[in-house]
């Protein structure tokens with residue numbers, strides 16, 4: 001049975017992924033948001049595996065993408081990805097991997113005009129890790145926010161020096177703008193759960 005390494009930012013993104021299928025055993029690694037934390041988590045690994053998948057949530061840049069859509073990247077920052085053979089439909093396109101959270105419609109539009117379909121934060125580091133070791137690399141994400149999403153909460157300001165998102169910093173923002181931020185946080189939580197469910201169901205059907 002082949003081992004598939006799943007690399008995500010946070011454990012909740014993988015909570016609906018099965019431990020194994022009839023063909024694969026999944027090994028989950030989460031290190032936090034951004035390329036530095038992803039790379040640090042990967043550098044600590046001592047277990048062997050056959051396939052590397054950058055996974056978790058992503059933000060839509062293409063206006064046709066909806067929350068819960070599974071997105072399979074054709075490329076990450078211009079580097080070609082391998083494609084899985086699932087039993088369920090998915091969307092695909094080019095993905096941009098940045099070390100910041102894109103939370104405005106204006107920036108999403110700018111990235112879309114540059115030719116990208118979706119955005120996230122860890123895939124570039126995971127891609128480089130896989131390439132350095134000659135391991136098959138895939139990028140499979142689920143959409144948690146649409147191209148029309150404008151965040152009132154400043155998630156970049158909530159990150160610490162290493163890139164981790166600190167709940168305390170989010171709560172401080174919520175205390176200053178409760179009517180705007182609290183409903184938004186609840187919506188983001190619901191959307192993230194929808195995306196995580198879709199991702200788990202999709203990965204359970206994949207053939208790598």
(message) Here's a check for you: in the stretch 108-118, which residue that is farther than 10 Å from residue 147 by Cβ and touching a strand residue (DSSP E or B) at 6+ places or on another chain (Cβ under 9 Å) is surrounded by the most Cβ atoms within 10 Å (Cβ to Cβ)?
(response) 116
(request) Would you point out the residue of the stretch 162-204, among those that are modelled with pLDDT of 85 or more and assigned to a loop (DSSP other than H, G, I, E, B), that is nearest to the chain's Cα centre (by Cα)? (result) 164
(request) Scan the stretch 1-30 for residues that are crowded, with 18+ Cβ neighbours inside 10 Å, over 19 Å from residue 86 (Cβ atoms) and touching a residue at least 60 places away in the same chain (Cβ under 8 Å) and jot them down. (result) 9
(message) Among the residues of the stretch 33-51, are any crowded, with 17+ Cβ neighbours inside 10 Å, at positive phi and in a strand (DSSP E or B)?
(response) no
(request) Six or more apart or on different chains, Cβ under 8 Å: which pairs go from a residue in the stretch 136-163 that's touching a residue at least 12 places away in the same chain (Cβ under 8 Å) and at positive phi to one that's buried (at least 19 other Cβ atoms within 10 Å of the Cβ) and part of a loop (DSSP other than H, G, I, E, B)? Could you list them? (result) 163/32; 163/33; 163/34
(request) Answer yes if at least one residue in the stretch 133-151 is outside any loop (DSSP other than H, G, I, E, B), under 27 Å from residue 49 (Cα atoms) and over 19 Å from the mean Cα position of the chain (by Cα), and no otherwise. (result) yes
(message) Test of understanding: among 103, 56, 68, which residue is assigned to a loop (DSSP other than H, G, I, E, B), touching a residue at least 40 places away in the same chain (Cβ under 8 Å) and either surrounded by fewer than 15 Cβ atoms within 10 Å (Cβ to Cβ) or at positive phi (or both)?
(response) 68
(request) Identify the residue in the stretch 71-87 that is in contact (Cβ under 8 Å) with a residue 24 or more places away in the chain and surrounded by fewer than 18 Cβ atoms within 10 Å (Cβ to Cβ) and, among all such residues, is farthest from residue 137 (Cα to Cα). (result) 87
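Residue-by-condition table, conditions (1) closer than 22 Å to residue 208 by Cα; (2) modelled with pLDDT under 95; (3) touching a helix residue (DSSP H, G or I) at 6+ places or on another chain (Cβ under 6 Å); (4) surrounded by fewer than 15 Cβ atoms within 10 Å (Cβ to Cβ):
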residue	(1), (2), (3), (4)
89	yes, yes, no, yes
123	yes, no, no, no
127	yes, no, no, no
140	yes, no, no, no
150	no, yes, yes, yes
155	no, yes, no, no
(request) Can you run down the residue pairs with Cβ atoms below 7 Å, 6 or more apart or on separate chains, where the first is in the stretch 169-190 and closer than 22 Å to residue 143 by Cβ and the partner is at pLDDT below 90 and assigned to a helix (DSSP H, G or I)? (result) 181/173; 181/174; 185/174
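The values are calculated or read from the model by the stated rules, or taken from the named source; none is laboratory data. Values in this document were obtained by computation on a predicted structure and should not be read as measured data. Glycine also receives a Cβ, built like all others from the backbone with ideal geometry; neighbour counts cover every protein chain displayed.
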